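One structure is given below, encoded as structure tokens.
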Amino acid sequence: MTIRHAEKGAGEPVVLLHSTAADSGMWQAQVDALSERFRVITVDFRGYGRTPYRADGPYGDAGDVAKVLAALEITRAAMVGASGGARVALELASAGLAGRLVLLNPVADLEPTPDLRAYWAEERRLLEQGDVQGAAELNARTLLGPEATGDARRRLVAMQRHAFEVQLAADPEPEQTEGELSLPGIDVPALVVAGGHDLPYFRESARHVAAELPRSRLLELEWAGHLPALERPEEINALLLDYL
């Protein structure tokens, strides 16, 4: 199994972990900005971007990323994760591979709220009807805040549609697992970002993660939706450069 990844720049390593509504292409602006000072690594999870969707047995995204880092001889790095990628960053931190964390609208193990259930139900309805384009557009409408440009929306739709197509075509579908997390045990500096235009479930998730991590700071961006790195890339670049 080949996990597609890329690196650019030199210096201390920074790993960018994409949302499960996108792929590593969501970080294009951040790679360009951060690589002037850091060694930046991006990874496509299985079923996203250039990585195929198959497995010989149960797998986890954090385990895949850990193997990529081992192949690159990286034992510790700053981890920047968006949404589902933030969960992967937390698992890697639990394994001792993260020296610092930036978590953009992280997903927490909280009971799904009505807003999230309604979003999932509409996505499932569209996919069951074979309307992959409609499901991808639903994700873009739901996840991107009002600051996102038309180009950002088109890029997210394309990334999400590709992921849907790859994953729906998988036969058999791989079994994915997640590691157990104890947030109070992740004792590294962490910046947790919440978007003011995000779904209530994700806003509450970010606050929960920030409250549970022992060395975290919560930053609420009133202008942001769920994917601020796509919405105001230059502002997120500045935030990352300052924190890292």
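The values are calculated or read from the model by the stated rules, or taken from the named source; none is laboratory data. As the structure is a prediction and not an experimental result, all values here were calculated from the model. In this analysis, Cβ positions are derived from the backbone assuming ideal geometry, glycine residues included, and neighbour counts consider all displayed protein chains. All accessible areas refer to the heavy atoms of the entire protein, side chains included, with ligands and DNA or RNA removed. Shrake-Rupley method; radii C 1.70, N 1.55, O 1.52, S 1.80 Å.
Which residue, of R155, R161, is open to solvent by 20 Å² or more (accessible area, probe 1.4 Å), within 30 Å of G57 (Cβ to Cβ) and among the basic types (K, R)?
It is R161.
When you check A108 against the structure, is it assigned to a loop (DSSP other than H, G, I, E, B), under 18 Å from the mean Cα position of the chain (by Cα) and among the aliphatic types (A, V, I, L, M), yes or no?
yes
Wholly within the range 1-67, which strands (runs of 3 or more DSSP E) include no fewer than the required count, namely at least 2 residues that are over 30 Å from P172 (Cβ atoms) and more than 16 Å from the chain's Cα centre (by Cα)?
Ranges flagged: 5-8.
Can you tell me which residues in the range 1-30 are within 20 Å of E235 (Cα to Cα) and out of contact with any Ser or Thr (no Cβ under 6 Å at 6 or more places or on another chain)?
V14, V15, L17, A22, G25, M26, Q28, A29, Q30
Can you confirm whether G99 is in a strand (DSSP E or B) and in contact (Cβ under 8 Å) with a residue 12 or more places away in the chain?
Yes.
Could you tell me whether the range 121-134 includes any residue that is small (G, A, S) and either closer than 11 Å to L17 by Cβ or touching a Lys or Arg at 6+ places or on another chain (Cβ under 7 Å) (or both)?
no
Answer with yes or no whether E204 is exposed (fewer than 15 other Cβ atoms within 10 Å of the Cβ) and touching a residue at least 24 places away in the same chain (Cβ under 8 Å).
It is false that E204 is exposed (fewer than 15 other Cβ atoms within 10 Å of the Cβ) and touching a residue at least 24 places away in the same chain (Cβ under 8 Å).
Residues D242, D187: which one is in contact with a Lys or Arg (Cβ under 9 Å, 6 or more places away or on another chain), surrounded by fewer than 20 Cβ atoms within 10 Å (Cβ to Cβ) and within 23 Å of G99 (Cα to Cα)?
Only one candidate passes the filter, namely D187.
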